[in-house]
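The structure appears below as structure tokens.
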Amino acid sequence: HKVPIPLVLFTWENLSPPNPIAQENLKRCALVICGNQEAEPLVAPYAKKTFVQLQVGVDTVHFWQREVERTVKVAFIGRDAAEKGVDILRIAYPAAKILPWKPWLELPWWYSQCQIVVSFSQDTQVWREQAPNYVSCEAMACGCAVVTSDAGSIKSWLSGCPGALVIGQHEWDNLSKMLQALSNDEARCLKLGAEGRQWVIDKFSIPVHAKE
């Protein structure tokens, strides 16, 4: 209140409406940046102005395909949790490699060894994906084909993306069939990877994000 600088707030929240304290804080903001389309209607009744934008872009200078052989057909990289759909992936494609989260500097090397990266997130009563899933975007930037679900905000952010195949989060059989077919079609994976990288550069790269 003492410094005449406009207050700008960022929120990912796409599940629950703001509580009374949060409502008061929202009313003080000159701008509320919403990290996904689902967050905007939750805060709009209390905010002077809203804008939908991701918190950060994808560093496509760091995330690019390294000169290593893609020896892993299907992989998941990240937190091994039910809401990330890891248990479903294990059933849908038992040969999938489940890799724990890696240091940021190492991630491009891991992505570059994978032909297909799966991110089959699931909505729960207390959690929903709030972004396009940065793993998917980073993997595409490294030339991977990506298979993901339509959970949370994924579908809206990845709408029209040529490098990510989006499957309904409850369509487990379709996931299995898709992975079986894709894992035996290297040419299609290469095409998806190339188109996905260009899409990430055009839509979510840091220069594009910063300009918006």
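The values are calculated or read from the model by the stated rules, or taken from the named source; none is laboratory data. Quick caveat, the model's predicted, so the values are computed rather than measured. When we count neighbours, we look across all protein chains shown, and the Cβ atoms used for this are built from the backbone with ideal geometry, even at glycine. In case anyone asks, the SASA skips ligands and DNA or RNA and just uses the protein heavy atoms, side chains included. Shrake-Rupley method; radii C 1.70, N 1.55, O 1.52, S 1.80 Å.
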| field | Any chance Ala22 is in a strand (DSSP E or B), surrounded by 13 or more Cβ atoms within 10 Å (Cβ to Cβ), at negative phi and among the aliphatic types (A, V, I, L, M) | value | no
| query | Scanning the stretch 32-58 for residues that are exposed (fewer than 13 other Cβ atoms within 10 Å of the Cβ) and within 16 Å of Leu15 (Cα to Cα), which turns out nearest to the chain's Cα centre (by Cα)? | reply | Pro41
| Regarding Gly143, is this residue open to solvent by 10 Å² or more (accessible area, probe 1.4 Å) and on the phi > 0 side of the Ramachandran plot? | yes
| field | The lone exception for Val61 - which of (1) of a type in the set (Val, Ile, Thr); (2) open to solvent by less than 80 Å² (accessible area, probe 1.4 Å); (3) farther than 22 Å from Leu165 by Cβ it fails | value | (2)
| Here is a list of conditions, (1) in a loop (DSSP other than H, G, I, E, B); (2) under 16 Å from the mean Cα position of the chain (by Cα); (3) closer than 22 Å to Asp150 by Cβ, and Ser16 meets all of them except one; can you say which number that is? | (2)
| Residues located in the stretch 69-83, provided they are at pLDDT 95 or above and surrounded by fewer than 13 Cβ atoms within 10 Å (Cβ to Cβ) | Glu69, Thr71
| Hey, among the residues in the stretch 181-205 that are assigned to a helix (DSSP H, G or I) and under 15 Å from the mean Cα position of the chain (by Cα), which one's modelled with the lowest pLDDT? | Lys203
| query | Pick from the stretch 1-19 the residues that are more than 18 Å from Gly35 (Cβ to Cβ) and of a type in the set (A, V, I, L, M, F, W, C): which of them is surrounded by the most Cβ atoms within 10 Å (Cβ to Cβ)? | reply | Ile5
| Can you spot a residue in the stretch 95-110 that is under 18 Å from Val200 (Cα atoms), open to solvent by less than 50 Å² (accessible area, probe 1.4 Å) and touching a Pro at 6+ places or on another chain (Cβ under 9 Å)? | no
| request: Return the pairs, sorted by first residue and then second, in which the second residue is in a strand (DSSP E or B) and loosely packed, with under 13 Cβ neighbours inside 10 Å, the first residue lies in the stretch 160-187 and is on the phi > 0 side of the Ramachandran plot and touching a residue at least 24 places away in the same chain (Cβ under 8 Å), the beta carbons are less than 9 Å apart, and the residues are 6+ apart or on different chains. | output: none
| Single residue of Val86, Val126 found to be among the β-branched types (Val, Ile, Thr), farther than 20 Å from Trp199 by Cβ and surrounded by 16 or more Cβ atoms within 10 Å (Cβ to Cβ) | Val86
